[in-house]
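The values are calculated or read from the model by the stated rules, or taken from the named source; none is laboratory data. Here the structure is a predicted model, which means the values were calculated and not measured. For neighbour counting, all protein chains shown are included, and Cβ atoms are generated from backbone atoms with ideal geometry for every residue, glycine included. These area figures cover heavy atoms from the full protein model, side chains too; ligands, DNA and RNA do not enter into them. Shrake-Rupley method; radii C 1.70, N 1.55, O 1.52, S 1.80 Å.
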Amino acid sequence: MSPQENVKFLHRKYIQSLNREKKWVRFYQAVIFIVFFSGWELASQKQWIDPLIFSAPSKVWGLFLTKIQDGTLMVDLGYTLSETVFGFILGTFLGTLLAAILWWSPMLSKIADPYLVVLNSMPKVALGPILIVALGPSFTSIVAMGAIISIIITTIVVYTSFKEVDPNYIKVLQTFGANRFQIFREAILPASFPTIISTLKVNVGLSWVGVIVGEFLVSSKGLGYMIIYGFQVFNFTLVMLSLLVIAVFATVMYQLVELLERKLIKNGS
Amino acid sequence: MDFLKVDAVHHTYFTKTSAVTALSDVSLEVEEGEFVSFLGPSGCGKTTLLSIIAGLFEPTEGTVTLEGKRVETAENEIGYMLQQDYLFPWKNIEENILLGLKIGNSLTPDKKAYALKLLQEMGLKGVESQFPKQLSGGMRQRVALVRTLATGPKLLMLDEPFSALDYQTKLKLEDLVSDTLKSFGKTAILVTHDIGEAISMSDRVFLFSARPGQLHKTFVIPKELRDETPFNARNHEVYPAIFQTIWKELESLEPAGER
Ligand SMILES: Nc1ncnc2c1ncn2[C@@H]1O[C@H](COP(=O)(O)OP(=O)(O)OP(=O)(O)O)[C@@H](O)[C@H]1O
Ligand SMILES: [Mg+2]
């Protein structure tokens, strides 16, 4: 075998080994999925676990079909989903805006510093009752819950990244006579896009927490309400269904953010 | 009237724990169309002086004027290329070279065409839509130079533009830059650690001493070297003698063993 052929042969082998590994990974992922759900079904039917508490995949599926047919699942899902999306966008946007204001005025940021620390360490969901009293038990207060939970942490993380932009990029702009707004638009903001995107990813999860807790408290509609209601009437099939739907849609939202990331961050890679 | 006049400039950096005097009583003049170099040991305040001339901050004492006007008020008349290229990684090459024009709200079709032509003259045709990290160090340095030249500055300042490049690229770029600047009749200040570069590229060399940064001595480069390209100047018969003189002077500034 000539050296070139040998290299080609080795490369082919390398690619084959990569593919083989990928297949195995997929295989084990599928195994976990199947074992989990069939184990759950079996354990429930054989009464190894209490079917009243842990329900069973078949029952959840049955309930899913009924609730799709009578349209109630879609209504609840629609509520929760729109609350989460609004809360998420609002939280991220306001957080970034606050960070921009702090960057704009170093004096203000020094003054605000201890307050940010306090607000950040505070468990935001504890504000729920106050929000509901202030804004009424409605869509608005639940969106506010979804937003408030991510605003402060977004502010802190994004502001830190604004401050860490290499000052030499600012220097380049200053040699061209740039004003503060131009510096922000040309260097500070684009340099911080990766950080903003990664806070988006965190905020997806946080907004779900805020919204579900909000729905627990308001208890009128949505997936969070489904969980609380199911708990109160001891219908755990309903709780499980709600949890599974939440898991699916939270994942979808996360994937969308990743898609956005690939679209937004361009630097030739 | 002098083109650029640095008058009794003194600069001290203040921090919470220290006050570092970077420049002490520096006065010098540069004529229009002249190419001068600032040479000196690390930390003698070369970058500080360029930043002050660029009007990025005011010196603690003293004034800098360009054509009789204080540099703090001058707009886009001074081009300053930093110690590294600092191309914006999220902008492609075209967006990078047009940045200065965009900031100055003067992005007209002519000026855009001019910038693209400069890019071509620097031997960088067809990279417009690429991103900085796809280019080699030497190419990036040339793009940074185009970005600085695109706004048509009256005075160009280069802070160690070639120090991060390999020797061969450096020699080629020296010729290219010298040639480009000569053809525009631009006034330029070059900061360098490299004695050979200072001699071969400039009309005058200002030697600085450190702690505090002061103007130590000025060398006028003889005419026969000035008329040569940097590469040929390095091979000229009078070159070694000047090199020796400046080298000795530099050595006298840095006590043996402290380098
Ligand atoms: N922002 C700053 N704050 C405090 N001290 C500074 C600052 N910038 C520079 N200095 C100090 O001022 C002195 C001169 O620095 P400067 O960067 O001007 O030197 P330089 O001649 O450009 O050095 P080099 O050749 O290494 O680039 C140094 O002692 C440095 O420590
Ligand atoms: Mg320097």
| task | Could you list which residues have their amide H under 5 Å from that of B:G79, counting only those 5 or more apart in sequence or on another chain, with H placed in the peptide plane? | result | B:K154, B:L155, B:L156, B:M157
| field | Dipole in debye (nearest 20) - the protein assembly as shown, about Cα centre, beta carbon charges: Lys, Arg +1; Asp, Glu -1 | value | 2140 debye
| query | Percent of accessible area on region A:134-257 owned by carbon and sulfur, 1.4 Å probe? | reply | 70 percent
| remark: With +1 on the Cβ of every Lys and Arg and -1 on the Cβ of every Asp and Glu, the dipole magnitude of region B:171-259 about its Cα centre, in debye rounded to the nearest 20, is 260 debye
| task | Work out, step by step, the length gained on full extension between B:K182 and B:K154: first 0.36 nm times the residue separation, then minus their alpha carbon distance; give nm to one decimal. | result | 8.8 nm
| request: Give a residue-ordered list of calculated ³J(HN,Hα) values for region B:216-230 (Karplus: 6.51 cos²θ - 1.76 cosθ + 1.60, θ = phi - 60°; whole Hz; x for Gly, Pro). | output: 8, 7, 10, 10, 9, 7, x, 4, 4, 7, 4, 7, 8, 6, x
| Rounded to two decimals, what ratio of Rg to Rh does region B:1-137 give with C-alpha atoms and a Kirkwood Rh? | 1.03
| task | Run the numbers on chain B and let me know its relative contact order in percent, using alpha-carbon pairs under 8 Å that are six or more apart. | result | 25 percent
| message | Quick check on my link table: of A:K163/B:K46; A:K263/B:K91; B:K125/B:K172; B:K5/B:K102; B:K91/B:K170; B:K5/B:K69, which ones sit more than 20 Å apart, alpha carbon to alpha carbon? | response | A:K163/B:K46; B:K5/B:K102; B:K91/B:K170
| message | Please compute, for peptide A:174-185, the average count of beta-carbon atoms on other protein chains lying within 10 Å of each residue's beta-carbon. | response | 5
| query | How large is ³J(HN,Hα), in whole Hz, for each residue of region B:168-177 in order, when computed from phi with the Karplus curve 6.51 cos²θ - 1.76 cosθ + 1.60 and θ = phi - 60°, using x for Gly and Pro? | reply | 5, 4, 4, 4, 5, 5, 4, 4, 4, 5
| request: Step through the residues of region A:91-99 one at a time and calculate ³J(HN,Hα) from phi using the Karplus curve (6.51 cos²θ - 1.76 cosθ + 1.60, θ = phi - 60°), rounding each to whole Hz and writing x for Gly and Pro. | output: x, 5, 5, 5, x, 5, 4, 4, 4
| request: Within region A:162-269, report the chymotrypsin sites (Phe, Trp or Tyr not before Pro) that DSSP leaves as loop and that have at most 15 other Cβ atoms within 10 Å. | output: A:F234
| message | On alpha carbon coordinates alone, what is the Rg over Rh value for chain B, Rh being the Kirkwood radius? | response | 0.96
| query | At a 1.4 Å probe radius, carbon and sulfur cover how many percent of the accessible area of region B:190-259? | reply | 52 percent
| Under a GNM of chain A (C-alpha, springs under 10 Å), which listed residue has the highest mean-square fluctuation: A:Q182, A:Q29, A:Q232? | A:Q29
| said: Could you tell me the ratio Rg/Rh of the protein assembly as shown? Both radii from Cα atoms, Rh via Kirkwood. | reply: 1.14
| task | Pick out, from A:G95, A:L256, A:P106, the residue whose Cα sits farthest towards the positive end of the charge dipole of region A:58-264, with +1 on the Cβ of Lys and Arg and -1 on the Cβ of Asp and Glu. | result | A:P106
| query | Direction-averaged shadow area of the convex hull around the Cα atoms of region B:88-152, nm²? | reply | 3.9 nm²
| Regarding chain A, what is the average projected area of its C-alpha convex hull, in nm²? | 23.1 nm²
| said: I'd like the interface area for chains A and B: accessible area of each alone minus the complex, both sides summed, 1.4 Å probe, protein heavy atoms only. What is it in Å² to the nearest 100? | reply: 2100 Å²
| Can you list the residues, at least 5 places off or on another chain, whose amide H is less than 5 Å from the amide H of B:D25, using H built in the peptide plane? | B:H10, B:H11
| remark: Number of Lys pairs in region A:3-49 closer than 28 Å at Cα, excluding neighbours under 8 places apart unless interchain, is 4
| field | Surface per residue (accessible, 1.4 Å probe) for region B:88-152, Å² | value | 42 Å²
| field | the protein assembly as shown: antiparallel DSSP beta bridges as a percent of all, rounded to 5 | value | 50 percent
| Residues of region A:224-269 buried by at least 30 Å² on assembly (accessible area, 1.4 Å probe, chain alone as reference) | A:K266, A:N267, A:G268
| note | Dipole check, the protein assembly as shown, charges on Cβ (K,R +1; D,E -1), about Cα centroid: among B:Y239, B:V71, A:I34 the Cα furthest to the positive pole belongs to A:I34
